[in-house]
Structures are given as C-alpha cells and as structure tokens.
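Colleague: Here's a structure for you.
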Amino acid sequence: MKKRYDVIILGGGVVGCAVAWYLSHFECSILVLEKELDVCCGISKANTGIIHSRSYYTPETMKGELHLRSLPWFHQAQDELDFHLARTGALTVALSPDDLAYLRLLQERGQCPEAEILGPKDTQELEPNISENMVAAYYDPQTAVISPFRLTLALAEGAVLNGVDFVFNVPVIDFHSDDRGIGIETETETDYYVAHWVVNSTGFSAPALAEKCGDGVPPLQAYRGEYYVLDKETRGYVKHVLYPVPTSLSKGILVSPTPEGNILVGPNFEPVKPGDTSTTVQGLAEVKIGAQKLVHHLPFDRTIQIFAGIRSVLPERDFHIFFSHRFSNIVHLCGIESPGLTASFGIAEYVGELLEKRGLNLVHKAHFNLRKNAPIFSECSWEERERLITQDPDWGRLVCRCEEVTLAEVKRALFVPPSARTIDGLKRRTRVTAGRCQGSFCEMHLLSTMIALLGFSENDIRKSGIHSHCLVGETREERESYATRH
Amino acid sequence: MPRDIEAEVVVIGGGPAGMAAAHSAWEQGAKSVFLLEREKYLGGILNQCIHPGFGLQVFGEELTGPEYASRYIEKLGKTGVQVMTETAVLDLEPSRTIRTVCPRGVHEFHARSVILSMGCREKTRGMIMIPGTRPAGIYTAGLAQYLVNIEGYLPGRKVVILGSGDIGLIMARRLSLEGVTVEAVVEVRNSLSGLVRNYVQCLLDFDLPLLLSHTVTGIVGKERLEGVLVSQVDERWHPVPGTERFLECDTLLLSVGLIPENEISQKAGISLSPISRGPYVDETFATDVDGFYACGNVASVFDLVDYVTFVSQKAGEAAASHRPRGKVRFVLQVGVGTGLVIPQRIRNIEEGILFIRPSQGFRETQIIFRKRDEVFARKKTPICRPSEMIRIDIPSIPWPPEGGEVTIEITGNPIQGI
C-alpha cells in the first residue's frame, strides 16, 4: 500500500529531526524514515556536543552562514523544546606567541562584548588545571555544551507532538516518478511511500541516495574522531570548553565538560573507511597527548568509556545542499560535518525556504504543541522527588545507581514516542548504562523491564542495531521448565 | 513511616557485609538498627552465586551463595533490625545524615553510627580501554552471571573470558554446563588471578584453555561481537608485536578486577586509600570520620565471603558500642612484595586480624614487619598467592611499644605459572 505525505525526510539524525520539527510548525503532513531502530544512531550520536559560538564560525561558507543562522534558535526554541543547554563558556588556548593572532581573529569574529583575551594569570584563575605552557587564552562566554542525543530527542518528540510520523528500520533503496509525486521504494516491500517533497538528510548514505536520483556528488570522506569519557568524579576539573588553536584540517583535540558532569576528551581526525567507528591504540594515544597539551594532568585514570565518531567530509569542506536534477523536489544534504549539530536549526530553516521555493506552502498551524522535558530525577530537589514519588512510586525505584535514573524515567523512554526499543535507546534518553559501571548493575533490570512492559522475548533485546542481539536464548532449566509447562 | 528517622545504627547495603554488620550491631545491644538495600531482596551478589564454596569458616559447612544469604536473612528475622529494601541512599553527610529514596518516598536518617557496606563493582571494557568497535556481546562476568543464574538467559554461544579472577573462572564452568563453548580464558599476568581451587574445578575439570601472559587487544564486530584479537604480552603487560591472532566468538566476558563502590563514602568526606580504593580503616573497620565504619568489599575486595562476614561483625559491634576511639597507634604501609594490607590503621593491638595480599606468589614466604630500619616481627607461611589473603591475628604480632609507621614486606621464592 502506498502511504502519502507532503514531505518525507530521510534520516533521523539531528538534522533530519530538526527539519521535521521545523516543518511541523506548518500545515503539511510529514514522515521521517530512518533505517536504524531509533533516532540519533549515526553521525549525530558521537561528537563533542558543543554549540560553537559566533567566534568559531567559518566566514564565506554555507556552513558558516547556517551556523550563524542557527545560533539564535538555541534561545528561541527553548520554550518550544525544553532542552538543556549548559553555557559553560570556552577558552581557546594559545601555547605560543604565534597563536595570539588567531585569538584576535576569534575576538573579531565573535563581536561579543564580554569575550576577551586573557593573560596566563587570569586564565589560570578561570581554569586552574590548565597547562602551564599556556601563554594566553581567548575567553568566550557564549559557547555551550549540550547532549546531542537529548537535543535530537527533543526535536523528534516535539515533531511527534505536532503530527510528524516516524518509521524505523526501513532503509530506502530507490526513487521513482509517481503520478502524485516522488515514489520511495524501501527494503520492505509493503512500505512504499509517496511524497511531494523529499529531504535526503541521511548523513553518510546521502551521496548514495543522490546517486539513485542521478545526481553526482563528490565522494564523502569519512574522518574518525576518537574520544575518552571521564568519570563524573572529575566534575569541575575542567570548567570550560578548551579549544586548541585549530589545524587546517579540524578544530583539534578538545577537553570539554559535558552537561551531565563528565569530561569529554577528543577528537583526533583520521581518514577511515565509512562506518569504521573502532577505537585504536594509536588514535587514543594521539588524543591523550593532544589533550595533555591543554591540561597537563588530566585524570585519564578515571576513564569510563572510549568511543569513536565519524564525520562525513566533502573535499571542499563545506555543506552541500542542493536540489536533485531529475526529481526537482528532492533536496540533498551532503557533507554536513562540524558544526552540523550547532547549525541544525539553521539548516532546517534553510531547507524550509528551499521547499517553499518549490511550492511547499508554509502556512503556520493554528496551534503548535510545546514539548516539555520530563523531570530528570538526578537533578530534582528533594521536595520535587518527594512530590514525584507520591504521584507514582516508580519515581522512587532507582534502576541506575551511577546516573540515578528511576524506573519512571525508563518507562517514559519506552512509551513516549519516538520511543526507545533498544538498550542504547534507553541510554540516550535516560543515561542508564552511561555511568561508571557502564550497565553492569542495571542492564539486567532494563532488559527485564522491556520484556515485562513491551511483551518482548529475549530475542527482541538489542543493543542498538537490528542485528545487535544481547541474548541468544534461555538456559537449560528455563527451556525445560517451559517444555514442562506446555 | 515518618520522613525523618532517628537511628542508632544505619547500615548501607544489604549484601553479606551489611547483613552481618546489622546483625552484630543488634546483638551488641543497639536499639534501632536500619539496614538499607537498593534491590528488592537482601543478599547482594550472593544471590547470583549459585555455586558452592561459601561458609566453611563461618558456618562450618559448604553452602551456595543463596544458602549463605538465607542463613543471614533468617538470623536477621529473629532480631529487631528494620530492613528497608528498594531503598537507595543518594546523599550522605559527615554529620551522619542519610537521604534515601524508595517507592514510599524520601527519608532522612540521623544516625549515631553509619556502616558502609555497599560492596564493589566490576571493571568494564571502557576502563581498561580495549580498542575496537562497540558491539553487543561484551559483558562483565558478574552481569553475565546475573543473566544466566537469576534471569535464565544465555548471553552467547561462544565465549572468550578476559581475566582469570574467580567470577571469570566460575562463569567459564557455568557456561560450559549450559553448552556454551568457552574458547579461552585469557590472563594478562603470568599467574592465575583467582583461587587455585577454582582453576581446578572450573577449568581443568572442564578441559578449558587458560592463556597466561596474554590479553585482548581488539574487539571485532559491527553489531554483535564477531571475535577478539588476542596477543601475548611481555613482563610489563605490553602486547608483543607479531603475536596478535583472531579468536572467533560472539561473547566477551570481563573478569578484570573489582573496585569498591565509594562514591557515597566520599560525600561524607571519608578519605580513600589509593591502594584498596576503599576508606582507610582500623582494626574495627572504623574510618577516619567519626561514627563511620566501612566493612566488606567496600573497604577492600576480600577473597571469601567468610572474611567479609568476620570483618563486618567486628564493624557492627564497634558501631553499636559507640565507645570513644583511641588514637591511631600504627599506620601500615605496603612494602616490597605486598600488594595490599587491610586494615591500614591500628588503634588497639589487642584485637582484630590483618589481611595481607601478596603482590605475587611465593614459596617459603616470610612476612616482615619493619618500623624504619628495624624489623620487629617475621611471620612464615609455606606458600602464598595474590588470590589468597594472608591472615595474621593482630595480637600475635610483637608490636613495638612506641607507635608509628610500619612497613610490611613479603619475600620468598617467586611462583611462576599457576
């Protein structure tokens, strides 16, 4: 059966979700098609989570333009999306007098009255553990950190509240001309979709899908960035986002607090095959050395996790957003690399304008639903906790000791759409398994909760992808007792 | 139940340590004893240890983990100890104010004595930084044990176990009994980490291979684990180039060490030893903050639950007696050949036991007690291993009359291999 929408967005990363949420302000029907089992599974899930301020934009590029366009949204959208942004501020650290010119350039670009270039003494006052080799630092108060998952989820939940549909586990394989628009063929025969407008925001898959439309795109190069996550015990050891002076290739290896209180260290910038998210001994060593230039005694012995993220980079190092030649109503988003997270709102607004030019009528809905974040138990006051438990005793059932996540929060993640269907989905929504024990004390409760509440069998428990089964079956005794019962 | 609760003794954690401590605090005469447990049941990790080998020293017979736990649950049932399950401690102040949540609400305890008995957690893949991908199928051995023994699920069909600690060895046997193929137990040291009896009963009896001086140097697999890279290591535990090989498996279990869970202790300002990663304690397991005791694996990871019970009884008695503490007379330091000593402080030489873990195995072992350059005691034992703590009664040591810093050294003929 054909399912028809005005707009279909391919890809549920931060950009796809931002486009969906933005367009959900207007009178049109929208679907997000995602090949994985959840939103935020690709490039969006593994990055530094920084909202780079104006000082760090790249002039005369599309990414620079959309970066600047996006920044006001982080204030404006607060009421509508209720996401948590921690405005930590940033220090760009000069390690030699040669770096000073770059700091002045940042100050010029930033046009922020509170920003300033600080000498060693003032810098140390702000950031006591910073390297002694630092000669000066550019202090920018506007830089913020955010959880990329929580931003993506806020956008996705906001979109659902305003009528957007999400379908998961449906990879797109081809496009066809249909009598009433563009036909989208998927791997599932029964799922055939038709839309007037299509947004291809599939990250790494974007060029391949553009190819299907007969649109040539220069090949994306994958660059891997490896990271360390340090225990929350290290909270406060670094208070601001610390940038080095960048290389010609990347922003360099950063040390950054996260909104949850960990310290995130990375990334390096290593060309790899697409999809290669393995960490390596060499890469991790490189990140360590890089970070130690900024913070000499960074407590790497408090590492709780290592991971790698991928950036999809075009040779021209810019976003490439363009209409298909064959299907005039398909817009491709290619090369969305750093600062893609920061620029996501700007990209969404821009895509809206492009679609409007091709006939999408942007008429505001009479009523727009605000997305409210559920309480985060670990951040609640004791009075608030008492009140929540009185309403629902599950707020008093702690599932995750490390991040202090309650059963009520896990249940919400399982039932508020787009809802979690995997262990990683629960992690991204609630932070279970993201703490120092990495799930060794809570994973069993998560899977038994999923089995009890969703009617899952043990074969339905997945870490993230469709083939990422956590369990392979039951023990002998369970199997035998099942056989006796039936 | 009122929101604010005055208590004589509050015990945090209802595993073997907490149960023993609460029981002996009550026996000692404490009038209001609360035992707080985060899970639904008392017993802690004992509940998932369905193998025998517990209780020989405490009960004089061999029990399984759940049996051992149920003995204590029964004992507690005959006391007035108030057990609160599904109760998590989120906040602890040096003034001995404890804030908890449970499905019935928020409570604030004001305790005369607080006993910390939160146990320990397992080291994870991230902490030991094994490079590679992040697929499903990588579990700590304890989590796998819970899944198999409590939930009745199988985590995989073909498993490699990293670390020859006791949980790893026991899981090798447990999974073999379930028909799972155990490809190898891989150990970075050149000797076994767990108890010899577990090596014999879990690996030898099941013909399972142990690779000493090897480690896992890579994780392979996109969504579910497809295999691991295993390399030989040199004496500094660095992988030897050219020795890396691929072992196909769908599951990797990690049994690479335990860390006492002291995040709550730190909120009370209790200082921790970088060696045990638990609080500095004296012979009664009192910490350096008045009225706080730490017993069992939260103080230092013990080999046997029987030892945990023993030290926790001591802590329970002391916590209930509220007697003023004397001055610290001896501060114990680890010297050559010694990995760990617990307690690290001695106030009263008339009671208690020293637990000493050698840093490697020795035959014809001598344990040497030294104050500055002067050796004041030597104890002999034919054989010692890192997996088995040496126990010495504190009163049996001829302590010098003046207190001070004491270094404990271990010498002997080093043991290679098992």
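Colleague: Quantify how strongly other chains surround peptide B:144-153 by giving the mean number of their Cβ atoms within 10 Å of each of its Cβ atoms. Write out the running numbers ahead of the final one.
Modeller: On the way: counts 2, 0, 5, 8, 4, 2, 2, 10, 10, 13.
Mean partner-chain Cβ count within 10 Å for B:144-153: 6.
Colleague: Starting from one equal scatterer on each C-alpha and no solvent at all, send me the Debye-based log10 I(q)/I(0) for the range A:310-349 at q = 0.21 Å⁻¹, two decimals.
Modeller: Listed by q, the Debye log ratios stand at -0.70.
Colleague: Compute the signed sum of charges (Lys and Arg +1, Asp and Glu -1) over the other residues within less than 13 Å, Cβ to Cβ, of residue A:476. Present the calculation step by step, with values, prior to reporting the outcome.
Modeller: Details: positive: A:479, B:174; negative: A:474, A:477, A:478, A:480, B:178.
Residues near residue A:476 contribute -3 overall.
Colleague: Something else: Cα centroid distance between the range A:189-232 and the range A:445-460, in Å?
Modeller: Each part reduced to its Cα centre gives a spacing of 31 Å.
Colleague: When Lys and Arg each count +1 and Asp and Glu each count -1, what net charge do the other residues less than 15 Å away from residue A:417, Cβ to Cβ, add up to? The partial results should precede the final answer.
Modeller: On the way: positive: A:371, A:372, A:411, A:412, A:421, A:428, A:429; negative: A:34, A:38, A:157, A:165.
Computed value for this residue: +3.
Colleague: Rounded if a/c is under 1.5, else prolate if a/b beats b/c, else oblate: with a ≥ b ≥ c from the C-alpha gyration tensor eigenvalues square-rooted, which is the range B:124-256? Working shown, then result.
Modeller: Working: a/c = 1.73, a/b = 1.14, b/c = 1.52.
The shape class here is oblate.
Colleague: Quick one: angle between helix B:166-177 and the longest Cα principal axis of chain B, in degrees between 0 and 90, rounded to 10, please.
Modeller: 50
Colleague: Separate question: Which GluC sites (Glu not before Pro) in the range A:83-118 sit in a loop by DSSP (not H, G, I, E or B) and have at most 14 other Cβ atoms within 10 Å of their own Cβ?
Modeller: Working: sites: A:108, A:114, A:116; in loops: A:114.
Taking the range A:83-118 and a limit of 14 other Cβ atoms within 10 Å, the loop GluC sites (Glu not before Pro) found are A:114.
Colleague: Let me ask something else. A 27 angstrom limit on the alpha carbon distance is what I want to check against. Which of A:45/A:232; A:3/A:427; B:40/B:123; A:2/A:35; B:75/B:379 exceed it?
Modeller: On the way: A:45/A:232 20 Å; A:3/A:427 32 Å; B:40/B:123 24 Å; A:2/A:35 18 Å; B:75/B:379 37 Å.
Violating the 27 Å limit, Cα to Cα: A:3/A:427; B:75/B:379.
Colleague: Computed FRET efficiency, Cβ-Cβ of residue A:380 and residue A:179, R0 56 Å: what is it to the nearest 0.05?
Modeller: Working: r = 54 Å, r/R0 = 0.97.
Step by step, r from the Cβ atoms, then E = 0.55.
Colleague: Taking the range A:296-447 on its own, what percent of its Cα-Cα pair distances exceed 27 Å?
Modeller: 51
Colleague: Two decimals is fine: what is log10 I(q)/I(0) at q = 0.08 Å⁻¹ for chain A, from a Debye sum with one equal scatterer on every Cα and no solvent?
Modeller: -0.50
Colleague: Compute the whole-percent fraction of alpha carbon pairs in the range B:285-379 spaced more than 21 Å apart.
Modeller: Details: 1697 of 4465 pairs.
The calculated P(r) of the range B:285-379 puts 38 percent of pairs beyond 21 Å.
Colleague: Counting partner chain Cβ atoms within 10 Å of every residue's Cβ in B:119-128, what's the average?
Modeller: Working: counts 0, 0, 7, 4, 3, 8, 3, 10, 10, 2.
Mean inter-chain Cβ contacts per residue within 10 Å come to 5.
Colleague: Something else now. May I ask for the angle, rounded to the nearest 10°, between helix B:16-27 and the longest principal axis of chain B, with both axes built from Cα atoms and the value confined to 0 to 90°?
Modeller: On a 0 to 90 degree scale, this one is about 20.
Colleague: Compute the accessible area of each residue in the range B:216-253 twice, once for its chain alone and once with every protein chain present, using a 1.4 Å probe on heavy atoms, and list those whose area falls by at least 40 Å².
Modeller: Output list: B:223, B:224.
Colleague: Can you list the residues of the range B:258-299 with backbone N under 19 Å from a point 7 Å past the Cα of residue B:93, pointing along Cα to Cβ?
Modeller: B:264-271, B:289-293
Colleague: With +1 on the Cβ of every Lys and Arg and -1 on the Cβ of every Asp and Glu, and nothing else charged, how large is the dipole of chain B about its Cα centre, in debye rounded to the nearest 20? List each step's numbers first, then the result.
Modeller: Numbers: 44 positive and 48 negative charges, 91 e Å.
Using only the charged Cβ atoms, the result is roughly 440 debye.
Colleague: Out of B:209, B:358, B:279, any idea which swings most in a Gaussian network model of chain B, alpha carbons joined below 10 Å?
Modeller: Of B:209, B:358, B:279, the most mobile in the Gaussian network model is B:209.
Colleague: Report the extension gain between residue B:359 and residue B:226 in nm, rounded to one decimal, defined as 0.36 nm multiplied by the number of residues separating them, less their alpha carbon distance. Display every interim value, and only then the final one.
Modeller: Details: separation 133, 0.36 × 133 = 47.88 nm, distance 3.51 nm.
Result for the pair: 44.4 nm of gain on full extension.
Colleague: Here is a follow-up. At 1.4 Å probe size, put B:23, A:469 in order of accessible surface, largest to smallest. Write down the numbers at each step before the final one.
Modeller: Details: B:23 25, A:469 60 Å².
Heavy-atom accessible area, descending, gives A:469, B:23.
Colleague: In nm, to one decimal, how far is the modelled label at residue A:365 from the one at residue A:3, with both set 7 Å along Cα→Cβ?
Modeller: 1.8
Colleague: Continuing with the same structure: Label-point separation (nm) for residue A:69 and residue B:266, each offset 7 Å from Cα along Cα-to-Cβ?
Modeller: 4.5
Colleague: Okay, moving on. With a Förster radius of 51 Å, plug the Cβ-Cβ distance of residue B:306 and residue A:416 into 1/(1 + (r/R0)^6) and report the FRET value to the nearest 0.05. Provide the component values of the computation, followed by the final result.
Modeller: On the way: r = 48 Å, r/R0 = 0.94.
So the FRET efficiency works out to roughly 0.60.
Colleague: Now for a different question. Across 5 Å bins from 0, what is the distribution of all Cα-Cα pair distances for the range B:331-414, in whole percents?
Modeller: 3, 16, 29, 28, 16, 7, 1
Colleague: Could I ask something else about it? Under a 1.4 Å probe, what is the accessible area of the protein assembly as shown per residue, stated in Å²?
Modeller: Details: 35000 Å² over 904 residues.
Solvent-accessible surface per residue comes out at 39 Å².
Colleague: Hey, another quick one. Farthest toward the dipole's positive end in the protein assembly as shown, which of B:191, A:193, B:213, given Cβ charges of +1 (Lys, Arg) and -1 (Asp, Glu) about the Cα centre?
Modeller: B:191
Colleague: Mind checking A:51-57 for the average number of partner chain beta-carbons within 10 Å of each residue's beta-carbon?
Modeller: Details: counts 0, 0, 0, 0, 0, 0, 0.
Averaged over the peptide's residues, the number is 0.
Colleague: Can I ask one more? For chain B, with a Gaussian network of springs between Cα atoms less than 10 Å apart, report the residue from B:408, B:353, B:130 with the top mean-square fluctuation.
Modeller: In this elastic network of chain B, the residue with the biggest mean-square fluctuation among B:408, B:353, B:130 is B:130.
Colleague: Could you tell me the extents of the protein assembly as shown's C-alpha atoms along the three principal axes, largest first, rounded to whole Å?
Modeller: On the principal axes, the protein assembly as shown reaches 92, 76, 64 Å in Cα extent.
Colleague: Let me ask something else. Nothing charged except the Cβ atoms of Lys and Arg (+1) and of Asp and Glu (-1): what's the magnitude of the dipole of the protein assembly as shown about its Cα centre? Round to the nearest 20 debye. Please report the intermediate quantities before stating the final value.
Modeller: On the way: 93 positive and 110 negative charges, 183 e Å.
The dipole of the protein assembly as shown has a size of about 880 debye.
Colleague: Taking chain B on its own, what percent of its Cα-Cα pair distances exceed 36 Å?
Modeller: On the way: 25154 of 87153 pairs.
Considering chain B, 29 percent of its Cα-Cα pairs are separated by more than 36 Å.
Colleague: State the dimensionless ratio Rg/Rh of the range A:362-486 (Rg: radius of gyration of Cα atoms; Rh: Kirkwood radius). Show your work: numbers first, answer last.
Modeller: Details: Rg = 17.6 Å, Rh = 16.4 Å.
Radius of gyration over Kirkwood radius for the range A:362-486 works out to 1.07.
Colleague: Take chain B, connect every pair of alpha-carbon atoms lying under 10 Å apart with a spring to form a Gaussian network, then pick out the residue of B:46, B:340, B:147 with the largest mean-square fluctuation.
Modeller: Its mean-square fluctuation being the largest, the pick is B:147.
Colleague: Related question: If you rank A:21, B:237, B:399 by how much accessible surface each has, with a 1.4 Å probe, what is the order from largest down?
Modeller: My answer, sorted largest first, is B:237, B:399, A:21.
Colleague: With a sphere of radius 13 Å drawn around the Cβ of residue B:354, what net charge do the other residues whose Cβ falls strictly inside it have (Lys, Arg +1; Asp, Glu -1)?
Modeller: On the way: positive: B:314, B:345, B:357, B:379, B:391; negative: B:282, B:283, B:351, B:393.
Around residue B:354, the charge tally is +1.
Colleague: Restricting attention to the range B:19-113, which GluC sites (Glu not before Pro) occupy a DSSP loop and are surrounded by at most 16 other Cβ atoms within 10 Å? Working shown, then result.
Modeller: Numbers: sites: B:27, B:37, B:39, B:61, B:62, B:67, B:74, B:86, B:108; in loops: B:37, B:39, B:61, B:62, B:86.
Of the GluC sites (Glu not before Pro), the ones in loops of the range B:19-113 whose Cβ has at most 16 other Cβ atoms within 10 Å are B:61, B:62.
Colleague: Compare A:205, B:24 by solvent-accessible area with a 1.4 Å probe and give them largest first, with all protein chains kept in place. Write down the numbers at each step before the final one.
Modeller: Values: A:205 40, B:24 10 Å².
Listed by decreasing accessible area, they come as A:205, B:24.
Colleague: Calculate the length of the line joining the C-alpha centroid of the range B:350-416 to that of the range A:286-363, in whole Å.
Modeller: 60
Colleague: Fully extended, how many nm does the chain gain between residue B:396 and residue B:104 (0.36 nm per residue separation, minus their Cα-Cα distance)? Could you put the intermediate results ahead of the total?
Modeller: Numbers: separation 292, 0.36 × 292 = 105.12 nm, distance 4.96 nm.
My answer for the length gained is 100.2 nm.
Colleague: Next question. Between chains B and A, what is the buried accessible area in Å², counting both sides, with a 1.4 Å probe and ligands, DNA and RNA left out, to the nearest 100? Intermediate values should be presented prior to the final figure.
Modeller: Working: alone 18360 and 21340 Å², together 35000 Å².
Chain pair B/A: roughly 4700 Å² of buried accessible area.
Colleague: Quick one, can you get me the convex hull of the C-alpha atoms of the range B:233-359 expressed as volume per residue in Å³? Don't skip to the answer; put the middle values down first.
Modeller: Values: hull volume 19.0 nm³, N = 127.
Output value, Cα hull per residue: 149 Å³.
Colleague: Continuing with the same structure: Using label points projected 7 Å from each Cα along Cα→Cβ, tell me how many nm separate residue A:349 and residue B:157, to one decimal.
Modeller: 5.4
Colleague: I'd like the distance between the alpha-carbon centres of the range B:14-28 and the range A:1-24, rounded to an integer number of Å.
Modeller: Distance between centres, Cα-based: 59 Å.
Colleague: Leaving out ligands, DNA and RNA, and with a 1.4 Å probe, what % of the accessible surface on the range A:346-486 is carbon or sulfur? All intermediate terms of the calculation are to be shown ahead of the outcome.
Modeller: On the way: 3050 of 6160 Å².
Summing carbon and sulfur atoms, their accessible area is 50 percent of the total for the range A:346-486.
Colleague: Work out the length of the dipole vector of the range B:331-414 about its Cα centre, built from +1 on the beta-carbon of each Lys and Arg and -1 on the beta-carbon of each Asp and Glu, and round it to the nearest 20 debye. Before the final figure, lay out each step's value.
Modeller: On the way: 12 positive and 10 negative charges, 45 e Å.
For the range B:331-414, the charge dipole is close to 220 debye.
Colleague: To the nearest 10 degrees, how steep is helix B:65-77 against the longest Cα principal axis of chain B, on a 0 to 90 scale?
Modeller: Roughly 10 degrees, rounded to the nearest 10.
The values are calculated or read from the model by the stated rules, or taken from the named source; none is laboratory data. These numbers were taken from a predicted model, which means no experiment stands behind them. FYI the Cβ positions are ideal-geometry reconstructions off the backbone, even for glycines, and counts take in every protein chain you see. To get the accessible areas, we keep the full protein, side chains included, count just its heavy atoms, and leave off ligands, DNA and RNA. Shrake-Rupley method; radii C 1.70, N 1.55, O 1.52, S 1.80 Å.
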